[in-house]
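Q: Before I ask anything, here is the structure I am working with.
The values are calculated or read from the model by the stated rules, or taken from the named source; none is laboratory data. The structure presented is a predicted model; accordingly, all values stated were derived computationally and were not measured. Positions of Cβ are generated from backbone atoms using ideal geometry, with glycine treated the same way; all protein chains shown enter the neighbour counts.
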Amino acid sequence: MSVLVYVVIGWLAMALWTAAGARFAPGHVLPDAAVVIAVFVALRREPVPVTVAALLLGYWAGRQALAPIGLHEAVLVACALTVYMTGGSIAGSGARFFALAAGGTVALYHVLLYLLMSVFGGRAGFSGWSTALLVPSGVATAALAWVCHPLLTALERRLSEDRSERLSW
C-alpha cells in the first residue's frame, strides 16, 4: 500500500517538472521524476511492488509523451527490475549512490526507448543534441535524486512498519 504513496508522489513530480520544463528547460533537458521514484522503490522493495510502481509511473510518462501504450511501461519496468537485481549485488547506499543509480538508469531508459521505437518501426528521435547525448539528462536526474533522497528516506521511515517483536502481556 505504501508503494501507492510513491506512485502519487512520482505522478505529481512528473506534472511539476513537465510544467516547469515547458517554460524553463534549456535544450529540453529535464530530470525524470518517474525514474527517480522507480529507482528509489527498486532499491527498497520487493519485485512485485517495484513492478507495480514502475508500471503505473511508466503509464503516466507514456501518456505525457503521447507514446504508444505499453512502450514506456515496459521500458520503465525493465529498468526498475534491472536496478532491483543489480542493487542487491552492489554494496552501496546513501544519497550519492542513489543519485548515481538514478542518473545511470535514466540513460538506460532512453536508450531502451530509442531501441524499441526503432526496432518496431516507430519514428525514433531526440528533441535536440543535448538530449541525444543522454549525459545532461542523467546529470539533471542525478541532481534531482540527490536533492530528494533525504525527503524520500524520511518518508520511507514514516511509511515502513515497525517489525520488532515485543512481548505482549
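Q: Could you check how many residues of the stretch 26-56 are assigned to a helix (DSSP H, G or I), under 23 Å from residue 119 (Cβ atoms) and not β-branched (Val, Ile, Thr)?
A: Result for the stretch 26-56: 4.
Q: Can you tell me how many residues in the stretch 18-49 are of a type in the set (Phe, Trp, Tyr), more than 23 Å from residue 89 (Cβ to Cβ) and touching a residue at least 40 places away in the same chain (Cβ under 8 Å)? Walk me through how you get there before you give the answer.
A: We begin by selecting, within the stretch 18-49, every residue of a type in the set (Phe, Trp, Tyr); these are 24, 40.
Within this subset, residues satisfying the condition of being more than 23 Å from residue 89 (Cβ to Cβ) are 24.
Next cut, touching a residue at least 40 places away in the same chain (Cβ under 8 Å) only: none.
Residues that pass the stated criteria total 0.
Q: Scan the stretch 40-48 and give yes if some residue there is crowded, with 19+ Cβ neighbours inside 10 Å, among the hydrophobic types (A, V, I, L, M, F, W, C) and more than 15 Å from the chain's Cα centre (by Cα), otherwise no.
A: no
Q: Ok, one more. So which residues in the stretch 73-94 are under 20 Å from residue 143 (Cβ atoms) and surrounded by fewer than 16 Cβ atoms within 10 Å (Cβ to Cβ)?
A: 92, 93, 94
Q: Which of the residues that make up the stretch 1-13 are part of a helix (DSSP H, G or I) and either at pLDDT below 90 or not hydrophobic (A, V, I, L, M, F, W, C) (or both)? Before you say what the answer is, go through the steps one by one.
A: Initially, the stretch 1-13 is screened for residues part of a helix (DSSP H, G or I), giving 2-13.
2, 3, 6, 10 - these are the residues of the stretch 1-13 that are part of a helix (DSSP H, G or I) and either at pLDDT below 90 or not hydrophobic (A, V, I, L, M, F, W, C) (or both).
Q: Please work out which residue is nearest to residue 13 (Cα to Cα), limiting yourself to the stretch 66-91 and to residues that are among the β-branched types (Val, Ile, Thr) and outside any helix (DSSP H, G or I).
A: Applying the filter and picking the extreme gives 69.
Q: Listed residues 63, 23; which is modelled with pLDDT under 90 and either part of a helix (DSSP H, G or I) or of a type outside the set (Ser, Thr, Tyr) (or both)?
A: It is 23.
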